[in-house]
Structure formats: structure tokens, C-alpha cells
Amino acid sequence: MLAKRIIPCLDVKDGRTVKGVNFVDLRDAGDPVELAYEYSQQGADELVFLDITATHEERKTTIDLVKAVARQVNIPFTIGGGINEIKDADILLNAGADKISINSAAVRNPALINQMAAAFGAQFVVVAVDTRSIEGQNFVHLSGGRIKTELNTADWILEAQERGAGEILLTSMDHDGTKNGFDNGFLKTINDQIHIPLIASGGAGNQQHFVDVFQQANVDAALAASVFHYGEILIPDLKATLRQNGIVVR
């Protein structure tokens, strides 16, 4: 059995880590460089860095900040935000990324997934999907959740897998920042349909929520932000709890 992964996420805006609820009402959560170092020391399995306004502001990810964070970590480092072409990914790789995360750009140009996978290998390509339930159906949203599409979330994830995505990072906008738990039912529905790793995101509020998402949805990894940023959950404590519940972690 593969070990489950715990992944802190740095949502970065104007050089600071921020966190909101349902993708709005952002508040400051600290210096991304300091937080990255702290998580690396605490035993996080990976780190995700998302420049959350890059796409909306039609600009590239802030490279200097990425380099500063990369220098602080000795764990796999995924970067997303404003990546529209192979060249962008190449620059981020050279800045210290181990993987890149594409979201809106992949929906607008699905062939980008094929191109990235061909150029760098599938393991390098994380397709991030922001989903919201509307009248009982889940739809993909773009530009940091600002734009609803007519794309059915499950259909899009299956297409991303076919095109060469190495992992799916699935964020429930309905659960994001609520601290009421992950969307375990929908996560399980998706996980049962795909054969690549699924990272759960949106809703972590306590240690039991991590136990639940691994036991109920059998995801490969669970990602969270504010509970780690504000010290509500310490990663060594969380891993101890997961082990006590029979969940294999590193």
C-alpha cells in the first residue's frame, strides 16, 4: 500500500500567503518563504504553491518568490498559477519546481496537458480542478473560481487523465475554507473512476477530517492550508493520528 501524503498549500497573492472561505474574503496567513521552511521541517510530504491571481491578472507566476521558497524546502514542490505554455513550465522547473499545476489554461487549451506530459513526463503534470455543485451537478470553474463553465467535473477529469495528467488536485469550492470536512462523497465518486493519484482539497478543519477523507474516499493525498498556516494542526501530530487509525503515512 502506498503511503498517503499530507500536503500544505500556499495560496499566494501580492507576495503573501492568503486564505479565504469559498475562494473569497482573503486574509493574510504569513510569509510563504517562512511557512515553506516550517512545513519542510515538520515533515510535510509535499508543498503546493499557487499564485492565485496570476491567471485573473493575466500575468506569470512570480519567479523570484518561487526561487526563494524552493531554497527552503527539501520535499517535492508543485507550482501553479499563470502557466499557459511549455516555456512557462520550463522556467518554473529551472526555478525549483518538481511539478507544475495547470487549471484554467488546461480547460481553455486541453492539448496543453498532452504537450506538458510529452515534454516533461506525466508525473510532472498536475491538473488542478476547482469544482462547485450547482443543482446537484458538479461544474468546473476557472480563474480562481470566478468563472463557471458548462464542463461536467467528472467528464473533465477523465479527459485530463486520458491526455496525460499525472495527478488530479480536486478542490471543492463549496467546502473550501469552511473547516467542515472534505467532500468525501464526490471525492470517492471521482477516485473510483480514475487510475491516477487524486489529491483532496477544500474543507479540512480538524484531524478527524483527514482520517475521514482517507478512509471514506481512499484519496492518495490530502491538501490543506489555514489549519496548517495558523498552527491549528501540526503535521507530526496529524501523522500520528493517521497511524493510530491504520492509515499508512511516511
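The values are calculated or read from the model by the stated rules, or taken from the named source; none is laboratory data. All of these numbers come straight from a predicted model, not from anything done at the bench. Virtual Cβ from ideal backbone geometry, glycine too; neighbours counted across all protein chains shown. Note: accessible area is taken over every heavy atom of the protein model, side chains too, but ligands, DNA and RNA are not part of it. Shrake-Rupley method; radii C 1.70, N 1.55, O 1.52, S 1.80 Å.
Note the full-extension length gain between E232 and K87 as 0.36 nm times their separation in residues minus their Cα-Cα distance, in nm to one decimal.
48.4 nm
Distance in nm between label sites at I147 and A240, each 7 Å beyond Cα in the beta-carbon direction?
In this crude spin-label approximation the distance works out to 4.7 nm.
If you place +1 on the Cβ of every Lys and Arg, -1 on the Cβ of every Asp and Glu, and leave all else neutral, what size is the dipole of the chain about its Cα centre, to the nearest 20 Debye?
Using only the charged Cβ atoms, the result is roughly 300 debye.
Based solely on its DSSP helices, what 222 nm [θ] is calculated for the chain when runs of n ≥ 4 H residues each add -39,500 (n - 2.57) and the sum is averaged over all residues, nearest 500 deg cm²/dmol?
Computed mean residue ellipticity for the chain: -9000 deg cm²/dmol.
Percent antiparallel among DSSP beta bridges with both residues in segment 5-245, to the nearest 5?
Approximately 30 percent, going by the DSSP bridge assignments.
Which residues in segment 169-192 have a backbone N closer than 13 Å to a point placed 7 Å from the Cα of I247 along the Cα-to-Cβ line?
Residues passing the 13 Å test: 181-184.
So how do L50, L2 rank on accessible area, 1.4 Å probe, biggest first, that is with the largest at the start?
The ranking, largest first, comes out as L2, L50.
Put I134, I157 in order of accessible area, largest first, 1.4 Å probe: what do you get?
The ranking, largest first, comes out as I134, I157.
With the Cα gyration tensor of the chain in hand, convert its eigenvalues to equivalent ellipsoid semi-axes via √(5λ) and list them largest first in whole Å.
Equivalent ellipsoid semi-axes, largest first: 23, 22, 18 Å.
How large, in percent, is the carbon and sulfur part of the accessible surface of segment 93-204 at a probe radius of 1.4 Å?
46 percent
In Å³ and rounded to a whole number, note down the convex hull volume per residue for the Cα atoms of segment 19-149.
Each residue corresponds to 124 Å³ of Cα convex hull volume.
How much accessible surface area, in Å² rounded to 10, belongs to the heavy atoms of S201 with a 1.4 Å probe?
Near enough 10 Å² of accessible area.
How many lysine pairs does segment 5-245 hold where the Cα atoms are under 25 Å apart and the two sit 8 or more places apart or on different chains?
Lysine pairs meeting both conditions in segment 5-245 amount to 25.
Accessible area per residue, 1.4 Å probe, Å², for the chain: what's the number?
Here the residues of the chain average 41 Å² of exposed surface.
Compute the length gained on full extension between Q123 and M1: take 0.36 nm times their separation in residues and subtract their Cα-Cα distance, giving the result in nm to one decimal.
42.0 nm
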